[in-house]
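This report concerns only the one structure given below.
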Amino acid sequence: MSNTKHVVILGAAHTGVAGLTTAISILDKANRSPSSAKYSVIVLASQLPTDPKSIGYTSHWAGAHHVSHATGTGNSPIILVSSSIDFWRYWIARTAVDGNSDSNSSEHPEQLAIDQETFNTMWALSEPGNEAEICFLRIEQVEYYQEEIPEGKEHHLRWYPNFRILLPESLTPDLRSQGVRSGVSLSTLTIDTPVYLSYLFERLEKAGGKVIKGHVDHIRDVETQINYLLQAQGTNSIYVDAIINCTGLGARTLGGVEDSNVYALRGQTVVLRAPWIRFGRTISSGDDLWTYIIPRRSGDVVVGGTKVADDYHPSPRPEITLDILTRGLKLCPEFVEVDPPIVTTTNMRFSHDESELDSESITLDDLLEQIKPIMVEEGCGLRPARRGGVRIERGDVEIDSVDGSSGKKVHKKTVPIIHNYGHSGSGYQSSWGSSNRAVRLLEEAIAS
Ligand SMILES: Cc1cc2nc3c(=O)[nH]c(=O)nc-3n(C[C@H](O)[C@H](O)[C@H](O)COP(=O)(O)OP(=O)(O)OC[C@H]3O[C@@H](n4cnc5c(N)ncnc54)[C@H](O)[C@@H]3O)c2cc1C
């Protein structure tokens, strides 16, 4: 009998960053260490690279940059014990019981470690000469805040390279008119998400992962469904040893999981073609204002953003696009202030404030009209948010098992299930750290 363990990952293929990264992490670890269990990884995915983008998955719509929300300031008594996986599980259980919001895991020291681990992995991937370099752009990122930075408190982004707090005199009158009171600057990277997802997909296939297009409505059907699809391809059926659940927002409705803590946090963006923008910029405030500029290596720049809970509207709203462009141009006038000019009037001055307009200025409406040639697309995606925070946890699940030769259902069996979903607006920047923890839980489960 083969020692190979068959692991089925729900929710990866071209689309899900969590599933793809977890699949690669399992195979990489098994290939690297001979003492590790042998794994065959099958990814069951509703979408393939050739399928059009859809609102049904999130990863395609992300900006994305690595700017962690983790503060590491949480103070559960358990923190004193260790930072082990049990601690993490405890934290998740506790925050879920407390009914706290999805931002709570950002306070957890383990979330900070997850984000830092992911940053280090991505920074290495973005190294000049690395085959993944084309997926990333290393940038200087400026984060502006509409509040003062509290004195005597360590800033949560201080661990990024070249971190510094901006001097008050560097905040221009224009920034101050946008409510900016303070800011920091740091080095980080952005991820060209369509390119990166293709890279992950190819890396998965090279590492020996198998991808099958399909969907399950209930966890108990994973083995029957996989074998049905394998047989249709003329391939031998398998006995499933473990399931990894990376279904993102799908965890809300997936039978046997039906996690009612999961909800959509809708985000809308505009992509502009502006290869001259090579810096990242964000303005945020405590009361949810949030405007960002994320340049990609390709020359596209993602402008956002919005965060609306429980909004499932599947297509961009025109009034929101206008609002995003208005805020984006204010934060980043460099979009139009170039040579040759984007704006074709004799005077490129524009203003959001009617009283500042003179006969030679153009109105914002004109400006937006003239920016259309560099508009690539409007988009919206549903971040898989979760009350209680991200779920990286092991459980057990009863599934239907089939007789390989006859293909008939013969009995029920219990297999471990590892959940890795609910990453909200941080799915990229926490992906490798989260996957490493999911793999540890898988190894524990297989060994027990
Ligand atoms: C506008 C916007 C900006 C963002 N910016 C950033 C950023 O700057 N940095 C960052 O880190 N993150 C960012 N994010 C968040 C990030 O995109 C998500 O956290 C991440 O994509 C979630 O990935 P996932 O794999 O968990 O989910 P998904 O990408 O949704 O993948 C889930 C997969 O599961 C599949 N699936 C679901 N149910 C089933 C089923 N029953 N059977 C089979 N398959 C199933 C789906 O088809 C899909 O393929 C942003 C998101 C948005 C919308």
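Considering each residue of the range 222-260, count those that are touching an Asp or Glu at 6+ places or on another chain (Cβ under 8 Å), under 22 Å from Tyr57 (Cα atoms) and touching a residue at least 24 places away in the same chain (Cβ under 8 Å), and give that number. The total comes to 3. Considering the range 160-259, the qualifying helices (runs of 4 or more DSSP H), each wholly inside and each with 2 or more residues that are under 29 Å from Tyr428 (Cβ atoms), run over 193-206, 222-232.
If you check Ile283, Ile277, which single one turns out to be part of a loop (DSSP other than H, G, I, E, B) and under 30 Å from Glu319 (Cα atoms)? Even if it seems obvious, please write down each step before you answer.
Details: Ile283 fails: part of a loop (DSSP other than H, G, I, E, B).
So the residue among Ile283, Ile277 that is part of a loop (DSSP other than H, G, I, E, B) and under 30 Å from Glu319 (Cα atoms) is Ile277.
Across the range 291-305, the qualifying residues are those that are at pLDDT 95 or above and in a loop (DSSP other than H, G, I, E, B), and the one among them that is farthest from the ligand (Cβ to nearest atom) is Gly299.
Listed here are the residues, each with its yes/no results for (1) among the hydrophobic types (A, V, I, L, M, F, W, C); (2) closer than 22 Å to Asp287 by Cβ.
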| residue | (1), (2) |
| --- | --- |
| Ser106 | no, yes |
| Leu112 | yes, no |
| Thr118 | no, no |
| Ala132 | yes, no |
| Tyr145 | no, yes |
| Glu148 | no, yes |
| His155 | no, yes |
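The values are calculated or read from the model by the stated rules, or taken from the named source; none is laboratory data. In this text, all values refer to a predicted model and were calculated from it rather than measured experimentally. Virtual Cβ from ideal backbone geometry, glycine too; neighbours counted across all protein chains shown.
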